[in-house]
Structures are given as structure tokens and as C-alpha cells.
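Remarks on the structure that follows.
The values are calculated or read from the model by the stated rules, or taken from the named source; none is laboratory data. Since the structure is predicted, the reported quantities are computational estimates derived from the model, not experimental observations. Note that we place each Cβ from the backbone using ideal geometry, even for glycine, and neighbour counts take in every protein chain shown. Side chains are part of the model used for accessible areas, which takes the heavy atoms of the whole protein and leaves out ligands, DNA and RNA. Shrake-Rupley method; radii C 1.70, N 1.55, O 1.52, S 1.80 Å.
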Amino acid sequence: DAGVIQSPRHEVTEMGQEVTLRCKPISGHNSLFWYRQTMMRGLELLIYFNNNVPIDDSGMPEDRFSAKMPNASFSTLKIQPSEPRDSAVYFCASSLGWKSPLHFGNGTRLTVT
Amino acid sequence: DQQVKQNSPSLSVQEGRISILNCDYTNSMFDYFLWYKKYPAEGPTFLISISSIKDKNEDGRFTVFLNKSAKHLSLHIVPSQPGDSAVYFCAASVGNAGKSTFGDGTTLTVKP
């Protein structure tokens, strides 16, 4: 099993540009989560999906952030327009649901200059 | 208001000895607790969990203890090995384990 796959591993962009982060969850997992890690706020949940449906997006910081899950094997997190304060490591994780632990990808390190 | 706190940013132990990592929480509604381990440039990986109805859970060298009255949990690693050197995150959830609140992590260094 390849695990959760995220791309790109690193992204450097200029302020104002659109950024799209991608995630392929583990096959058979029905829940998908986007987390963000920063020095100031640690690991924080942005949004999660269950069976491809967004369940809780209360952690999404602003309307500049949006996430989609068009099918069970793919999700995107988009930031438009990006700002320097969005610089962070973004993790995607999947799970079998409820009391199952998270399986994290290796993250995308985003730098907005 | 930080609901999950790991007050020790770092811990250093000798190989073969016990490592004890601590975690405190404030939300009495948390009913499931997890520990994750993270190596540099990788995502966190699940280590061990415990339900609020238990006070201890063991898995090989790893044991998690839960003290609900004190709102405190700890992870014991015995014996510690150099490969255990990593950042350890405590996480707590209400219902859905994936919707977890994480602590800031403790960096464990195991010296050979």
C-alpha cells in the first residue's frame, strides 16, 4: 500500500498567485482530512470529508481557502489568492472513520513570498 | 485557549532507559486519545491510542496511561531505542478520532 500521497512536496509562489495542493488517500478509507502545521498554531484541522462530502470546514481560515473531493481517490486544497501568512506545511490524512487513527501524507511545504 | 498541552518541548534519555512523555488536556468531553510520532520531512504516524473508558493500553514497548480525574495522559517507551528519536504528538478527540486536537509536540532524543 502506497499510503497517502501528496503533491507537490514543495511549492514556492508569489503573493496573489493561486495554489493548488493535491492528495490521494489510501484506497478504501472513507474519511479525508486536511491539516496545516505552523510554528504559531501547531497542527490544526482545516476541513474533513466523509464519503467525499465535506462535513466540517470550520477550520478553514478564510474564503480564500477551498477544498474539494470529486471522488474517493482525489482531493484538492486551493488557496486563491495566496498570502505570505499562508506559508506552512499542509498535511492530508485519511482514515477508515470514527475511532480509526489518521494516516498522514508527507505534506506539502508551501512558501508564499 | 490550548485544549491539549505538551509542556515539555524536548526530552533526552539514554538508550535502554524509560522515556516518559506527558500530555495534559482541559476539555472533559474528550473521549479518545492518540499518540503520533513524526520524523523530519515526513507526516505523523500513529503509535498508540486509548479510550476514555480505559486507564492503560499497551503495545509492545509502548504504554499509554490515562488519568481522567487529572486530565493527564502519558506515553511510556521501554526500553528506549535511538530509532525512537522523533517528535511525539498527543492528540485528543470527541467522537471522530480524525477530528483531533493536537498538542505542540515533544522532541525525544535517545542517546546511544
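Measuring r between the beta carbons of A:Ser58 and B:Gln2 and using R0 = 25 Å, the FRET efficiency lands at 0.90. In loop segments of the range A:1-76 as defined by DSSP, the GluC sites (Glu not before Pro) with at most 13 further C-beta atoms inside 10 Å of their C-beta are A:Glu14, A:Glu18, A:Glu62. Taking a ≥ b ≥ c as the square roots of the Cα gyration tensor eigenvalues, chain A comes out prolate, since a/c reaches at least 1.5 and a/b is larger than b/c.
Rolling a 1.4 Å probe over the protein heavy atoms leaves B:Phe65 with an accessible area of roughly 70 Å². Normalising the average separation of contacting C-alpha pairs (under 8 angstrom, six or more residues apart) by the number of residues puts the relative contact order of the range A:1-60 at 23 percent. Our summary gives chain A a relative contact order of 37 percent, counting only alpha carbon pairs under 8 angstrom and 6 or more residues apart. Of B:Ser19, B:Ser52, B:Ser74, which is the most mobile in a GNM of chain B whose springs link Cα atoms less than 10 angstrom apart? Largest GNM mean-square fluctuation: B:Ser52. Within the accessible surface of the protein assembly as shown, defined with a 1.4 Å probe on protein heavy atoms only, the carbon and sulfur portion equals 50 percent. Cα gyration tensor of the protein assembly as shown, axes a ≥ b ≥ c as square roots of the eigenvalues: rounded (a/c below 1.5), prolate (a/b > b/c) or oblate? Cα axes put the protein assembly as shown in the prolate bin. Where is the GNM fluctuation largest for chain B (alpha-carbon springs, 10 angstrom cutoff): B:Asn67, B:Asn96, B:Asn57? Of the options given, B:Asn96 has the highest mean-square fluctuation.
Only protein heavy atoms count here; on that basis, with a 1.4 Å probe, B:Lys99 has an accessible area of about 80 Å².
The distance linking the range A:34-93 with the range B:48-105 is 25 Å (Cα centroid to Cα centroid, whole angstrom).
Among the protein heavy atoms, those of B:Leu11 account for about 50 Å² of accessible surface (1.4 Å probe, every chain in place).
Comparing A:Ser87, A:Ser58, A:Ser75 in a Gaussian network model of chain A (Cα springs below 10 Å), the most mobile by mean-square fluctuation is A:Ser58.
Residues A:Lys99, B:Lys38 ordered from highest to lowest accessible area at a 1.4 Å probe: A:Lys99, B:Lys38. In this structure, A:Met15 and B:Gln81 have a Cβ-Cβ separation that, at R0 = 41 Å, corresponds to a calculated FRET efficiency of about 0.40.
Here the spin labels are modelled as points 7 Å beyond Cα on the Cα-Cβ line, and at B:Lys68 and B:Tyr39 they lie 3.7 nm apart. Per-residue mean of foreign Cβ neighbours for A:90-102 is 5 (Cβ atoms of other chains, 10 Å radius).
Residues B:Met29, A:Met40, A:Met69 ordered from highest to lowest accessible area at a 1.4 Å probe: A:Met40, B:Met29, A:Met69.
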